[in-house]
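In what follows, a single structure is set out as structure tokens and then discussed.
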Amino acid sequence: MNVGVLALQGDFREHADVLRTLGANVTLVRRPVELEAVDGLVIPGGESSVMDKLARTFGLAEPLRAAIRGGLPVYGTCAGLIMLADTVLDVIVGQQSLGGLDVVVRRNAFGSQTQSFETDLDIPALGTDPVHAVFIRGPVVESVGPRATALATLDDGRVVAVEQGNLLGTSFHPEITGEHRFHEYFLSKVRARTLAA
Ligand code: GLN
């Protein structure tokens, strides 16, 4: 399996390490030609407004949108979830997302860097063991449209992980905690699509 990690900005190295540990061939994607060669894509955490600017500057934004529309499995963490959301609140002026996920997310919903926190989440789709989740200036999913499904919520009911067909998004960062089940779940989507092709 040839899996891409969008490497414009953010913690793409951590994602690449997890994916390699799980046996994937990893391509760092910075150009459209690299995107064309992958069977799935991870969009890392970082800063969504910067990622958006770089994606447009490097001519990647439209190819990414086309790939998402075409059914490429894509997993976004934190800023990556923001990039995948159809609607983003509290954007920097002019900031655009790629879209695909039928959700509304709010950037920096939990406050500043100093208000980062960790918690355990029950995520039935990933098994019975709780998922340890680290939130670093993460977004919250304020509403989940009819085409998307919530996978995880905080105790107060706020949604922090969503799925829609081949798209997966988390407000938190499994790539830095040794939690591999989201990446495995994503790779199972990549595998299924590759086999079907
Ligand atoms: N606050 C960042 C943004 O708006 C996301 C933070 C993260 O990816 N850890 O893009």
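Observations
- Of the peptides 162-168, 186-192, the ranking by mean beta-carbon count within 10 Å, highest at the top, reads 162-168, 186-192.
- Accessible-area composition of region 107-197, carbon plus sulfur, in percent [1.4 Å probe]: 50 percent
- Near Leu187, once Lys and Arg are set to +1 and Asp and Glu to -1 for all other residues with Cβ below 11 Å from its Cβ, the sum equals +2.
- Environment charge at Arg158 (Cβ cut-off 12 Å; Lys +1, Arg +1, Asp -1, Glu -1): -2
- Taking other residues whose beta carbon is less than 12 angstrom from the beta carbon of Asp17, and scoring Lys, Arg as +1 and Asp, Glu as -1, yields -1.
- Ordering 149-155, 68-74 by mean Cβ neighbour count within 10 Å, with the highest value first, yields 68-74, 149-155.
- Taking the centroid of alpha carbons for each part, region 161-197 and region 85-144 are 15 Å apart.
- Taking each DSSP H run with n ≥ 4 as -39500 (n - 2.57) and averaging over every residue of the chain yields -8000 deg cm²/dmol at 222 nm.
- Fully extending the segment from Gln95 to Thr194 would add 32.4 nm, taking 0.36 nm per residue of separation and subtracting the current Cα-Cα distance.
- Over region 1-105, accessible surface divided per residue gives 38 Å², non-protein components excluded, 1.4 Å probe.
- In the chain, the alpha-carbon atoms span a convex hull of 108 Å³ per residue.
- Whole-Hz couplings from phi, Karplus 6.51/-1.76/1.60, listed for region 136-151; x for Gly and Pro: 10, 6, x, x, 10, 8, 7, 8, 10, x, x, 8, 10, 10, 6, 9
- Arg147 accessible area, assembled protein chains, probe 1.4 Å, Å²: 150 Å²
- Fraction of beta bridges assigned by DSSP in the chain that are antiparallel (%, nearest 5): 50 percent
- Built amide H within the under 5 Å cut-off of Leu28, gap 5+: Val5
- Using a probe of 1.4 Å on the protein chains alone, the accessible area found for Ile123 is around 0 Å².
- The alpha-carbon atoms of region 34-139 define a convex hull whose volume equals 115 cubic angstrom per residue.
- Phi to ³J(HN,Hα) by Karplus 6.51 cos²θ - 1.76 cosθ + 1.60 over region 64-75, Hz, x for Gly, Pro: 5, 4, 5, 5, 5, 4, x, x, 4, x, 9, 10
The values are calculated or read from the model by the stated rules, or taken from the named source; none is laboratory data. Everything numeric here is computed off the predicted structure, so don't read it as measured data. Quick reminder, even Gly has a Cβ in these numbers, built from the backbone with ideal geometry, and neighbours come from all protein chains shown. Heavy atoms of the whole protein, side chains included, go into the accessibility calculation; ligands, DNA and RNA do not. Shrake-Rupley method; radii C 1.70, N 1.55, O 1.52, S 1.80 Å.
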